[in-house]
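Worksheet: one structure, shown below.
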Amino acid sequence: MNQRPQAGKLANWLLSWVQPSGAIHGFHNHSVWGSNPYRWGDFTSGHSTWSSPLLAALSMLIKEKRDSALENQLFQMIRFQTSSFQEDGQYAHIGFQIGDTAKFGLIHNGITNVSLGLTLKYGESYLSEVIVAEIRSAMERNFEAIDSIYPFGIMYKQGRAISNQEYARIWGKLLHLQAFGGDEDRCEALRKQLDYMIGQFHFRGLPDMESEASYRYDKDKTSTEPGEYYGLLIGPLVLAYELFGDERYLTHAGNLCRHVARSVWCDNKGLLRMHRVWYHSGSQWMKLNEPMLIAGMGMTLYAVDQYIRHVPDPELSEYLAGSDRTYAAYQNPRGFFASATGWNNEADVAPSTAWHTHDLLYLVARNGADDQFWSEFSNKDAGSLTSVLLGNGCMWMERDQQWTITDYFGRDVYQLLGRKDEARFGRDMSWVGGERSLREHFAFSPRPAFMITNKGIYLMPGGFEEDNLQLSSAADIPYLGLWK
C-alpha cells in the first residue's frame, strides 16, 4: 500500500479546472451533507469560494520553487477572488453545494478570508505590494459586511450561530492581524471572541476526558461539529497562541486534535477514516461514522499538522500518517480522490474541487514538493486518457475538458454531462431533443460502458481497453475486468 498520495497529480488535476479568468470550476459535491447543485436543480459548475484554499496551496508551492507561469496563474486567481463581490459586500459564488441559487452564508465568506490570509502568509516574500493591497482591501470589505449581516455570537436572521463558521471568521481576522498588525483594542477584542467560543462551544468527554469536542450550534447541546470542520477551530487557536503567546489556546487546540484522532474508524477496506459526527440521544452520546467524506479531510489535517509543529505528538503524527494512507488508497491515477462512502449515489464518486483544494493545502504543508511532485504537476498529457471512478450506483468519468456522472449498463438514472470550461452542466437530452438539450461539445464520446452484477463490475467490450483507462473503484463489490 502506498504510504502517501501523489500530491503532484492532485495539483495537476485541480489546475485543469482553473479558468483563464482565475475562476475555479467544479462539480460542487458536498460529501458531508450529500447535496450538490444537481440535487438542488441549480446545475451550476462555476467558481465556488470553498475552493479558495487552492490559492494558499499554490502560494506555498511558489515559496518553495519560484515559477513565473505558476505565479502569473496565482495572481490571476487572486484578482478574480478579490474582485468577486455581491452588492452587500459578501463574496460572490458562495452557494457551493446549492450553486448560484444561494447568496448568503457566513462560512463561505469566512473560508475565503482564511485562504487569502494564508496566501499572504506563505507569499510574503514574493507577493507584490499591489497584490497585497488587493487582498487586504477584499478582506476588510468582507469583514465589514459579514460582521453586519452575521453579528458575532448571536442568532442572526439566516439561522443559528455555528461553531466552525464563527471560528472561520476569527481565523481570517487573526491572519489579517498577522499580516498587517493592529492596536491593543483589536487584539483584545479577538481574544475575547476566542474565549467566548471556548466557553460557549467546547466540552470534554468525547471520546475521553483528554479530548475536547465542540457543539455545532449555540444553545444546542445535542450535536457536535462534523470531523472535517475541526480544522476551522484548531487553526485559529494555534495561530492565536503564535500571536499572543497564551498557552491556553494551544492546550485547547491539542484537546480538539485528540477528539478528532480518537473518533476515527476503519472502513471495509481496513483504512483509517474520519468520523462524521457525534449526536446525543437524550441519554448518551453516539458516534456516526458514515456516510462520510474521504476527500475534504485536509483542513483538519492541516491544522493538526500546525499544532504538532509546536507540540510533537506521536499519536497525532500516526493519525496523519494513517490519513495519508487512506488518501493514497482512494486516489485515481488522474489525481483526484473518491469523495466519500456510504451515500451510494453520486456523492461518493463525483470529485469536488471545492474539497480537494483543502487536501492539497494539507499535503503540501506536510510533505512539501519534491522532484516527483513537480514532474507529476507539470505533466501536460495527464488528462488525455479516460479516467473512471466506479461507485455502487453510478460512476464518474472525465477526459480532457469533459466530465460525466453516468450509469452502469442498462440503467438510466444520471447521464449528467459537463465541461471543466463551462459554468453550467446538464442532463444528456440528445435522444430526446428540446430546449434543454446541451450543445454538441458537451457530448462525452466515446464512452466506456460497465456492467454491474451480483458478483462484480465488468468493462463491456466495445473499443476501450483497460490499459487506456485510468481506473479506480469505491464500490463495495470488486472490479473483475473485461466482460466475457
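Laid out as a table, the results:
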quantity	calculated
Equivalent ellipsoid, segment 83-133 (semi-axes from 5 times Cα gyration tensor eigenvalues, Å)	26, 12, 8
Largest to smallest principal axis extent of the C-alpha atoms in segment 350-472, angstrom	49, 39, 24
Relative contact order of segment 18-139, pairs being alpha-carbon contacts under 8 Å that are 6 or more residues apart, as %	32
Global geometry of segment 53-120, whether rounded, prolate or oblate, following the gyration tensor of its Cα atoms and the 1.5 cut on a/c	prolate
Segment 352-414: relative contact order in percent, alpha carbon pairs under 8 Å with at least 6 residues between	17
Coarse-grained scattering of segment 103-252 at q = 0.11 Å⁻¹, given as base-10 log I(q)/I(0) from a Debye sum over alpha-carbon atoms	-0.42
Shape of segment 236-299, Cα gyration tensor, a/c cut at 1.5	oblate
Global form of segment 191-324, assessed from the alpha-carbon gyration tensor, a/c cut-off 1.5	oblate
Debye log10 I(q)/I(0) at q = 0.14, 0.20, 0.22, 0.23 Å⁻¹ for segment 42-162, Cα point scatterers	-0.60, -1.08, -1.22, -1.30
Qualifying aspartates and glutamates (Cα of each under 17 Å from Cα of residue 63; at least 8 residues distant if same chain)	71, 124, 129, 370, 371
Segment 408-484: GluC sites (Glu not before Pro) in DSSP coil with no more than 11 other Cβ atoms inside 10 Å	435, 465
Mean accessible surface per residue for the chain, computed with a 1.4 Å probe while every protein chain stays in place, in Å²	38
Simple Cβ-charge dipole of the chain, Lys/Arg +1 and Asp/Glu -1, about Cα centre, in debye nearest 20	760
Whole-Å distance, taken between Cα centres, linking segment 1-62 and segment 284-310	19
Rg(Cα)/(2.2 N^0.38 Å) for segment 119-178, N = residue count	1.32
Residue-by-residue Karplus 3J(HN,Hα) for segment 318-333, coefficients 6.51, -1.76, 1.60, Hz, glycine and proline x	5, 4, 5, 4, x, 5, 4, 5, 5, 3, 4, 5, 9, 8, 6, x
Cut-off 15 Å between beta-carbons: net charge of the residues surrounding residue 40, Lys and Arg +1, Asp and Glu -1	+1
Size descriptor, Kirkwood hydrodynamic radius, that averages inverse alpha-carbon separations across segment 1-78, Å	14.1
Longest to shortest principal axis, alpha-carbon extents of the chain, angstrom	71, 54, 47
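The values are calculated or read from the model by the stated rules, or taken from the named source; none is laboratory data. Keep in mind that what you see is a predicted model, and the values were worked out from it rather than measured. Cβ sites come from the backbone with ideal geometry, for glycine too, and all protein chains shown count toward neighbours. All accessible areas refer to the heavy atoms of the entire protein, side chains included, with ligands and DNA or RNA removed. Shrake-Rupley method; radii C 1.70, N 1.55, O 1.52, S 1.80 Å.
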